[in-house]
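Here the structure comes first, spelled out in structure tokens, and everything after it is commentary.
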Amino acid sequence: MSFEVLEPGMLTQVQDMGRLGYQHIGVTTGGPMDEHAFLWANRLLNNPLNAPQLEITFGRLSLLAHSDTSIALTGADLGARLNDRPIAPWQTYEIKQGDRLSFSMPVAGLRAYLAVSGGLDVPARLGSAATVSREHLGGLDGTGAKLAKGDRIPLATPSAVAKASVPYSEIPDYRKPLRVGVIPGYQYRHFPRSARARFFSSEYQVSKNIDRMGYRLSGEAIHGDLDGIISEGIAYGAIQIPTDGQPIVLMKDRQTIGGYPKIGSLSALGAGQLAQRAPGASVSFYLTDVAEAEARRMIFNHRLRQGAPG
Amino acid sequence: MRIEGVNENTCIVYFGDSICDETAGLVKQATDNIRATLSDVITDLVPSYTSVMICYDLERIDRFGIHTRLRQALESGAAKAQDDAAAQTLELPVYYGPEVALDLKDVCEFSGLSADEVIRIHSEQTYRVYAIGFSPGFAFLGSTDQRIAMPRKSTPRLKVPVGSVGIAGSQTAIYPSATPGGWQIVGRTPSKMVDWDSESLALAQIGDRIKFRSIDREEFIRLGGQFDEL
């Protein structure tokens, strides 16, 4: 049982929830850039929530099914087609042997998630299939490679899956300007009141320098009273302020420790929404706290457990 | 000791504000302590020079619970005798020959010392692993003797060969994999710093002591050392 890669697209990788428990020896987590979309894809199929999927960045991927299975598609709308029929994200589809599944260009969002019933049947390295190319870990053969033309993606034995779709209220609109909460922390108090005010009242743009390690934003420069700090652990979603004052949000493939001052952190769900924004998108920040971020995550986890309606 | 929240599933504990042996000892002790007593709720631990970042499973514990458990673990740990016995001293063979010591000449120029003197100073000291990061298994060792504490190169190399031993100011380190890097390269170890198929995964752990043993070309080759890159 497999999918054959006819065209690998710009960047298509195997991801699960990440390589946890090895950051103390410098191994980053990897994992889905948008946890919300990833988790819903597995949930729609009643897969284990950590089951490996494909993260499709930007599109131009084309797959040929060599067996029958069910898939769930979530996250960005990358102009997906099943044979010649356009298909929308946030729901499940039946796949028959010989079907072609293709993705063209971003219509809304940047990263789509493709889960198959039972998950991709790929090996784990250090407990995870998450692809981190820089560290040569994860993916189809465990060496961190992205998908290439001609690859065969092994699939688990599918289970019977009822047609399901994500509740309408849980589908984000990635085209909206992003307004996202920042939890103050790390070196927050080393940024003067005026710098914080500028940070929270400005509109930033997603720059062209975005990848799985970090999202560099451009806009009002922020300056604190520290040039560098003693290197410390960097959380997913932490916001570094380097000397040029342009914020960098650290994403899933970030280095484990670093020495730039940080003004705070996004929540994982907030960082996931940022990960769906392309260069030029508008981002602004509001002040939140750990309590609110925790509450929002617990609500998300609860809705996820409830699953699809009907 | 200061415990601070970072996001919905992460907090960080600070043990001091400067890089020193005492703080590094506290970090090591706390890391061992947290690992031993909180393994049911933590998903990742990131110790560094003066802090330990803790990631936890929000389905198992919330922000109040983690603070309480951390306080309990760290206060009981503080009562324990300062015990560095668990930290091992690793002896690493290093070949300081001209084929692999890409920047030794520059370090000699910087320090006004001969190559033999630089090698002797670099290898006669015992270093402490203060932090691990940058890339898997990359251990930041301190502290380099002032006389050879040359700053990073102004333009980093695009690819530093595996096993390269470098100096950057008061720090020294081994490149466990071929990555870009700006450290002044003075030698190369034939030892594998990371091996995902071995039980230990990474040779050096935070808190360990490391001593370099100067070896000749023959021994370097016999231990599996490679010249082939760059």
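A few points about this structure:
- Residue satisfying all of: in region B:141-156; in contact (Cβ under 8 Å) with a residue 40 or more places away in the chain and not small (G, A, S); surrounded by the fewest Cβ atoms within 10 Å (Cβ to Cβ) among these: B:K153
Residue-by-condition table, conditions (1) surrounded by fewer than 13 Cβ atoms within 10 Å (Cβ to Cβ); (2) within 20 Å of the chain's Cα centre (by Cα); (3) more than 14 Å from chain B (Cβ to nearest Cβ):
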site: A:G109; (1), (2), (3): no, yes, yes
site: A:V122; (1), (2), (3): no, yes, yes
site: A:G144; (1), (2), (3): no, yes, no
site: A:P158; (1), (2), (3): no, no, yes
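- Of B:V160, B:V100, B:V118, all but one fail to be crowded, with 18+ Cβ neighbours inside 10 Å, closer than 30 Å to B:E22 by Cβ and not basic (K, R); the exception is B:V118.
- Every condition in (1) within 11 Å of chain A (Cβ to nearest Cβ); (2) touching a strand residue (DSSP E or B) at 6+ places or on another chain (Cβ under 7 Å) holds for B:A30 except the one numbered (1).
- Checking each residue in region A:52-61 for being open to solvent by 10 Å² or more (accessible area, probe 1.4 Å) and closer than 27 Å to A:D173 by Cβ picks out A:T57, A:F58, A:R60.
- Selection count, region A:1-34, where residues are touching a Lys or Arg at 6+ places or on another chain (Cβ under 9 Å), part of a loop (DSSP other than H, G, I, E, B) and either farther than 15 Å from A:E55 by Cβ or away from chain B (no Cβ under 14 Å) (or both): 7
Residue-by-condition table, conditions (1) within 14 Å of chain B (Cβ to nearest Cβ); (2) open to solvent by less than 80 Å² (accessible area, probe 1.4 Å); (3) over 29 Å from the mean Cα position of the chain (by Cα):
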| site | (1), (2), (3) |
| --- | --- |
| A:P184 | yes, yes, no |
| A:H190 | yes, yes, yes |
| A:A195 | no, yes, yes |
| A:F200 | no, yes, no |
| A:N209 | no, no, no |
| A:E220 | no, no, no |
| A:I229 | yes, yes, no |
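- Taking the numbered list (1) outside any loop (DSSP other than H, G, I, E, B); (2) within 28 Å of B:L45 (Cβ to Cβ); (3) not polar (S, T, N, Q) in turn, B:P93 passes all entries but (2).
- Hits in region A:152-192 - residues which are small (G, A, S) and assigned to a strand (DSSP E or B): A:S165, A:G181
- Listed here are the strands (runs of 3 or more DSSP E) enclosed by region B:103-161 that have at least 2 residues being over 16 Å from B:W183 (Cα atoms): B:126-132.
- Selection within region B:1-21: residues that are open to solvent by 40 Å² or more (accessible area, probe 1.4 Å) and not in a loop (DSSP other than H, G, I, E, B). The member of this set that is farthest from the other protein chains (Cβ to nearest Cβ) is B:D21.
- Restricting region B:165-208 to residues that are part of a loop (DSSP other than H, G, I, E, B) and either on the phi > 0 side of the Ramachandran plot or basic (K, R) (or both), the residue that is most open to solvent (accessible area, probe 1.4 Å): B:K192
- Residue in region A:3-25 that is of a type in the set (A, V, I, L, M, F, W, C), over 22 Å from A:Q255 (Cα atoms) and crowded, with 23+ Cβ neighbours inside 10 Å present: yes
- Residues located in region A:65-99, provided they are surrounded by fewer than 16 Cβ atoms within 10 Å (Cβ to Cβ) and assigned to a strand (DSSP E or B): A:R81, A:R85, A:P86, A:E94
Rundown of residues vs (1) among the aliphatic types (A, V, I, L, M); (2) touching a residue at least 12 places away in the same chain (Cβ under 8 Å); (3) closer than 26 Å to B:V27 by Cβ, yes/no style:
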{"residue": "B:E91", "(1), (2), (3)": "no, yes, yes"}
{"residue": "B:Y95", "(1), (2), (3)": "no, yes, no"}
{"residue": "B:E109", "(1), (2), (3)": "no, no, no"}
{"residue": "B:I121", "(1), (2), (3)": "yes, yes, no"}
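- When region A:240-291 is filtered for residues that are of a type in the set (S, T, N, Q), touching a Lys or Arg at 6+ places or on another chain (Cβ under 9 Å) and open to solvent by less than 10 Å² (accessible area, probe 1.4 Å), only A:Q276 remains.
- Given (1) more than 18 Å from the chain's Cα centre (by Cα); (2) within 30 Å of B:V129 (Cα to Cα); (3) of a type outside the set (D, E, K, R), number of the condition A:N46 does not satisfy: (2)
- Residue satisfying condition, being out of contact with any helix residue (DSSP H, G or I) (no Cβ under 7 Å at 6 or more places or on another chain) and within 22 Å of A:S194 (Cβ to Cβ), within set A:I257, A:I263, A:I299, A:I239: A:I239
- Top-ranked residue of region B:33-78 - restricted to ones that are touching a Ser or Thr at 6+ places or on another chain (Cβ under 7 Å) and more than 10 Å from chain A (Cβ to nearest Cβ), ranked as surrounded by the most Cβ atoms within 10 Å (Cβ to Cβ): B:Y56
- Candidates in region A:113-136 are the residues that are outside any loop (DSSP other than H, G, I, E, B) and touching a helix residue (DSSP H, G or I) at 6+ places or on another chain (Cβ under 8 Å); of these, the one that is nearest to A:R277 (Cα to Cα) is A:Y113.
- Scope region A:292-307; condition open to solvent by less than 60 Å² (accessible area, probe 1.4 Å) and either under 14 Å from A:H36 (Cα atoms) or at the interface with chain B (Cβ under 7 Å from one of its Cβ atoms) (or both); matching residues: A:A293, A:E294, A:R297, A:F300, A:N301, A:L304, A:G307
The values are calculated or read from the model by the stated rules, or taken from the named source; none is laboratory data. Note that the coordinates shown come from a computational prediction; the quantities given were computed from them, not determined experimentally. As a convention, Cβ positions derive from the backbone with ideal geometry for all residues, glycine included, and neighbour counts pool all protein chains shown. What goes into the accessible areas is simple: the full protein's heavy atoms, side chains included, and nothing from ligands, DNA or RNA. Shrake-Rupley method; radii C 1.70, N 1.55, O 1.52, S 1.80 Å.
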